[in-house]
Amino acid sequence: GPYAWQNHWLFVPLQDRRGRRIGYIWADDPVDRLRPSPARLQILRAFANQATTALEQAAQFEEIQNAYEHHRALIDASPVAIVDFDLEGRVRSWNAGAAEMFGWKEEEAIGRLSPIVPEDELPFFLDNISRIRSGETMRDIDVRRRHHDGSLLDVNISAAPIRDAHGEVVGVIALMLDVSSRKRSERAVAASEGRKDAVLRASLDCVVIVDHEGRIIEMNPATEETFGWTRTDAIGTPFL
């Protein structure tokens, strides 16, 4: 039984809250080797209860540690920059993706107000931290961020609050993607469109652009002046 006394040894089974056996306490009095009194048995039982609690907490800590290591491995393996900020905007964790993207090593970034935020964008950054502190989640924000070498990167950021066990916001987690190539392409397309529009407006010849169905999708001022159709009236109509 749970208080069995045999051969002058006391074995106390340790059980978790679910009733599962997780170990034993073996007690032996090396002095008198007599059966302990009820008072001493009660003390031993209390000790066993404390030992059970300690073992449970150790097991829970090990599970938490394993979960942390698992999540840490996922974060470190991610090609996305993942940064943990405190509520003042200081860096608490900095993964390998962030180090590769921005050139700042983890030890250079930890504990600092985000080193990748340019001076002119610092108020916007701190304002976003305040909004997330109030529980807001932010997605797909395009900003400029500073590389270690001083160059600027186009970055897309999504950020959310980190909450403790009581639901209180204790930090900010941010995921950042380098979209510099996409932004360069967008700027190149915009510049190309601008040049095209300038050529069309300056041309003295009539220029009409039609789609594969023969409908007008663009025309220049010379065409309006020659034929009397305004661009607004002509767009979308059949050319013929």
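Remarks
- Neighbourhood charge, 14 Å Cβ-Cβ cut-off, centred on residue 206 and excluding it, Lys, Arg +1 and Asp, Glu -1: -2
- Dividing the convex hull volume of the alpha carbon atoms of the stretch 133-234 by its residue count gives 197 Å³ per residue.
- Estimated at 0.36 nm per residue, the fully extended path between residue 122 and residue 210 surpasses their Cα-Cα distance by 26.9 nm.
- Note on the chain: GNM, Cα springs under 10 Å; of 133, 92, 18, the largest mean-square fluctuation is that of 18.
- Nonlocal amide H pairs with residue 93, under 5 Å, H built at 1.01 Å: 84
- Against the main long axis of the alpha-carbon atoms of the chain, helix 38-77 sits at an angle near 20°.
- Per-pair calculated FRET efficiency, R0 = 51 Å: residue 141 and residue 60 via Cβ, rounded to 0.05: 0.85
- The H on the amide N of residue 24, modeled in the peptide plane, is under 5 Å from the matching H of 14, each at least 5 residues off or on a different chain.
- Spacing of the two label points (7 Å from each Cα toward its C-beta) at residue 51 and residue 69, in nm: 2.7
- Over the chain, Cα pairs under 8 Å with separation of 6+ residues give a relative contact order of 10 percent.
- Calculated FRET efficiency, residue 231 to residue 92, Cβ-Cβ distance, R0 = 51 Å: about 0.35 to the nearest 0.05.
- Among 26, 104, 94: highest mean-square fluctuation, GNM of the chain, C-alpha pairs under 10 Å: 26
- Between helix 180-202 and the chain: long-axis angle, C-alpha atoms, 0 to 90°, nearest 10: 10
- Fluctuation leader among 43, 75, 141 - the chain, Gaussian network, Cα springs under 10 angstrom: 43
- Cα shape, the stretch 189-240, gyration tensor, a/c 1.5 rule: oblate
- Identified option (computed mean projected area of the Cα convex hull in nm²; candidates [x] 18.6; [y] 17.7; [z] 25.6): [z]
- Segment residue 78-residue 201, length gained on full extension (0.36 nm per residue, minus Cα span): 39.4 nm
- Working note: 222 nm ellipticity from helices only, DSSP H runs with n ≥ 4, each -39,500 (n - 2.57), summed and divided by the residues of the chain, gives -13000 deg cm²/dmol to the nearest 500.
Quick note: the coordinates plus some simple rules give every number you see, no bench work behind them. Here the structure is a predicted model, which is why all the values come from computation and not from measurement. FYI the Cβ positions are ideal-geometry reconstructions off the backbone, even for glycines, and counts take in every protein chain you see.
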